[in-house]
Amino acid sequence: MTTYLDMNATAPVLEEVAELVRTMLLEEYGNAGSRTHEFGAEAKKAVEKARQQVAEVIGANKSEVIFTSGATESNNIAILGLKQHAEEYNKKHIITTKIEHKAVLEPVQYLQTCGFEVSYLDVDERGLIDPQQLRGLLREDTVLVSIMHVNNETGSVQPLSEICEVLGEHDPYLHVDAAQSFGKLSMGLENSRIDLVSVSGHKVYAPKGVGALIMRKRGFIRPPLAPIMFGGGQEKGLRPGTLAVPLIAGLGLACEIATKEASNWQEHAQSLKTTLMAGLDGLGAKYNGCDTSPFTLNFSVPGVNSEAAMVMLKGIIAVSNGSACTSSSYAPSHVLTAMQLDEERIAGAIRASWGPMTDSVPVEQIVNTLKQLQC
C-alpha cells in the first residue's frame with residue numbers, strides 16, 4: 001500500500017471533523033443567514049463557535065475572523081482588498097518575498113499592472129529572508145508587507161518575531177500566509193504586530209474548500225480592506241455568499257483539536273523526519289531549506305532526477321517535486337531558484353510531507369529505490 005507523503009498539498013480530514021461535517025450536511029443544514037427559524041439560528045450558532053475556535057489558535061478575537069474558501073481567497077482579500085485604501089492615501093508600495101505561493105505573487109503582480117511598485121526580498125540558500133533587508137526596503141509609501149510563515153516547498157520557517165520587530169511602529173500592514181503553519185506550527189503568529197493571517201482548512205485536517213482570514217485590529221480599527229466580490233452582506237461585507245456551515249464547523253473543530261494536540265503532532269512529525277533523514281544520509285542527500293518545519297523534508301539525492309524518482313517510487317510513497325498548484329508546469333521551482341541552488345540539485349528536489357495520520361515512513365524501500373537510480 002502506498003504511503004501518502006504529500007500532506008503539504010492536501011491532507012486527510014480528522015475523523016471527528018468528518019463526522020461533524022456529515023452531521024451538519026445531513027441533519028443540521030440550516031442557512032446561517034436565515035433569521036426566522038431555529039434551523040438558521042443553529043447554523044449561525046455553529047458558525048460563531050467555529051469563529052471562536054479559529055481565533056483561539058493564535059489568541060485573536062472572534063470578531064477578527066472571517067471565513068473564506070481557503071488561503072488563496074484569503075490572500076487575495078488581504079492583498080487586493082487594500083487597493084482602494086492604498087490609492088486613496090497614495091501609498092502604493094508593496095514588499096513581499098521571491099518564494100511566496102502563487103496565491104500571493106499573482107495578486108501582487110496584478111497590482112503592479114495598476115501602478116503599484118513591488119520590492120521582492122531575497123532569500124539565502126536556507127530559504128530565509130534577512131530582516132535587515134526588509135528594514136532597508138521600507139518607505140513612507142509602503143502599504144503592505146506580505147511574508148509567508150512556513151514555505152510550502154521547503155518547510156523553511158521565516159523569523160516572524162524579527163520581522164515584527166523591524167516593522168515596529170512603521171505603518172505598513174503585515175500579512176502572513178500561514179497555510180502551512182496555522183494550527184500545526186503556530187508559534188509566532190500570536191504576535192499582535194501581524195495584521196492579517198491567511199488560514200487553509202485542508203492543511204490543518206479540515207475539509208477542502210474552507211479557510212479564514214484573521215484581521216487584527218489596531219486599537220479598535222481593523223485593516224481597511226474593501227471587498228473584492230459583491231452580492232451579499234456576509235462576513236462583515238468582505239466575503240459575500242451563503243456560508244458553508246458544515247465546512248466552517250469542521251474547520252472550527254479541527255482548530256480546537258490542533259490547539260490541544262499541536263505539540264504531540266510536532267513531536268511525531270520530527271520523529272518521522274529524523275528517521276527518513278538517517279536513511280537518506282547514506283545516499284549523500286542534500287537538504288533544501290534550513291530551520292524547517294517538522295512536517296516537511298525537501299531533499300536532493302546526487303545523480304537522481306526527481307521525475308524519474310517519483311516514477312520509481314510509485315506504489316511505495318506519494319510525494320511531489322513542488323507546489324501542487326503549479327504541478328502542471330515543468331518550469332524549475334521558483335522557490336529553489338530564489339535560493340540559488342544549482343540546476344542539478346533543483347532538478348533532483350523531492351518534497352515529502354506528513355502529519356499525525358502518518359504512522360511510519362518506508363525508509364528502507366525509499367533508500368533502496370533511490371540507490372538504484374544512482375547507479
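The values are calculated or read from the model by the stated rules, or taken from the named source; none is laboratory data. Predicted, not measured: the structure shown is a model, and the values here were computed from it. Cβ sites come from the backbone with ideal geometry, for glycine too, and all protein chains shown count toward neighbours.
With the condition kept exactly as written, say whether any residue in the stretch 65-73 is of a type in the set (Phe, Trp, Tyr), in the same structural domain as HIS149 (by TED's automatic domain parsing), at pLDDT 95 or above and out of contact with any His (no Cβ under 9 Å at 6 or more places or on another chain). Reasoning before the result, please.
If we filter the stretch 65-73 for residues that are of a type in the set (Phe, Trp, Tyr), which is where we start, we get 67.
Next, only the ones that are in the same structural domain as HIS149 (by TED's automatic domain parsing) stay: 67.
Remaining after also requiring at pLDDT 95 or above: 67.
Checking the rest, the ones that are also out of contact with any His (no Cβ under 9 Å at 6 or more places or on another chain) come to 67.
So far as the stretch 65-73 goes, yes, one or more of its residues are of a type in the set (Phe, Trp, Tyr), in the same structural domain as HIS149 (by TED's automatic domain parsing), at pLDDT 95 or above and out of contact with any His (no Cβ under 9 Å at 6 or more places or on another chain).
Looking at the stretch 203-217, is at least one residue modelled with pLDDT under 95, surrounded by fewer than 16 Cβ atoms within 10 Å (Cβ to Cβ) and assigned by TED's automatic domain parsing to the domain that holds VAL166?
As a first pass, look at the stretch 203-217 and keep what is modelled with pLDDT under 95: none.
Within the stretch 203-217, none of the residues are modelled with pLDDT under 95, surrounded by fewer than 16 Cβ atoms within 10 Å (Cβ to Cβ) and assigned by TED's automatic domain parsing to the domain that holds VAL166.
How about the stretch 99-116: which of its residues are over 19 Å from ALA71 (Cβ atoms) and either touching a helix residue (DSSP H, G or I) at 6+ places or on another chain (Cβ under 9 Å) or surrounded by 14 or more Cβ atoms within 10 Å (Cβ to Cβ) (or both)? Let's see the steps before the verdict.
Narrowing the stretch 99-116 to residues over 19 Å from ALA71 (Cβ atoms): 112-116.
Selection gives CYS114, GLY115, PHE116.
Starting from residues that are part of a loop (DSSP other than H, G, I, E, B) and among the small types (Gly, Ala, Ser), keep the ones in the stretch 209-255 and report whichever is nearest to GLN84 (Cα to Cα).
First, pick out the residues of the stretch 209-255 that are part of a loop (DSSP other than H, G, I, E, B): 209-210, 216-217, 219-220, 222-234, 238-244.
Next, from what is left, pick out any that are among the small types (Gly, Ala, Ser): 209, 219, 226, 231-233, 241, 244.
Values: GLY209: 27, GLY219: 21, ALA226: 7, GLY231: 19, GLY232: 20, GLY233: 19, GLY241: 22, ALA244: 28 Å.
Checked the stretch 209-255; the qualifying residue nearest to GLN84 (Cα to Cα) is ALA226.
Just to check your reading of the model, which residue among VAL21, VAL13 is closer than 30 Å to GLN365 by Cα and buried (at least 19 other Cβ atoms within 10 Å of the Cβ)?
Details: VAL21 fails: closer than 30 Å to GLN365 by Cα.
Answer to the selection: VAL13.
Do you know which of the residues in the stretch 53-98 that are in contact with a helix residue (DSSP H, G or I) (Cβ under 7 Å, 6 or more places away or on another chain) and farther than 22 Å from SER186 by Cα is surrounded by the most Cβ atoms within 10 Å (Cβ to Cβ)?
Within the stretch 53-98, the subset in contact with a helix residue (DSSP H, G or I) (Cβ under 7 Å, 6 or more places away or on another chain) is 53-57, 61-62, 64-68, 70-72, 75-76, 79-80, 83, 92, 94-96, 98.
Among the residues that remain, those that are also farther than 22 Å from SER186 by Cα are: 80, 83, 92, 94-95, 98.
Working: LEU80: 18, LYS83: 20, LYS92: 20, ILE94: 26, ILE95: 23, LYS98: 15.
Within the stretch 53-98, the match that is surrounded by the most Cβ atoms within 10 Å (Cβ to Cβ) is ILE94.
Filter the stretch 128-175 down to residues that are aliphatic (A, V, I, L, M) and part of a loop (DSSP other than H, G, I, E, B) and give me whichever is surrounded by the fewest Cβ atoms within 10 Å (Cβ to Cβ).
Here is the first cut: in the stretch 128-175, the ones aliphatic (A, V, I, L, M) are 128-129, 134, 137-138, 143-145, 147-148, 150, 157, 160, 163, 166-167, 174.
From what's left, part of a loop (DSSP other than H, G, I, E, B): 128-129, 138, 147-148.
Numbers: LEU128: 21, ILE129: 22, LEU138: 18, ILE147: 23, MET148: 27.
Only one residue tops the list, namely LEU138.
On the given criteria, is ASP130 in contact with a strand residue (DSSP E or B) (Cβ under 6 Å, 6 or more places away or on another chain) and modelled with pLDDT of 95 or more? Let's see the steps before the verdict.
Working: in contact with a strand residue (DSSP E or B) (Cβ under 6 Å, 6 or more places away or on another chain): no; modelled with pLDDT of 95 or more: yes.
Spelling it out, it is not the case that ASP130 is in contact with a strand residue (DSSP E or B) (Cβ under 6 Å, 6 or more places away or on another chain) and modelled with pLDDT of 95 or more.
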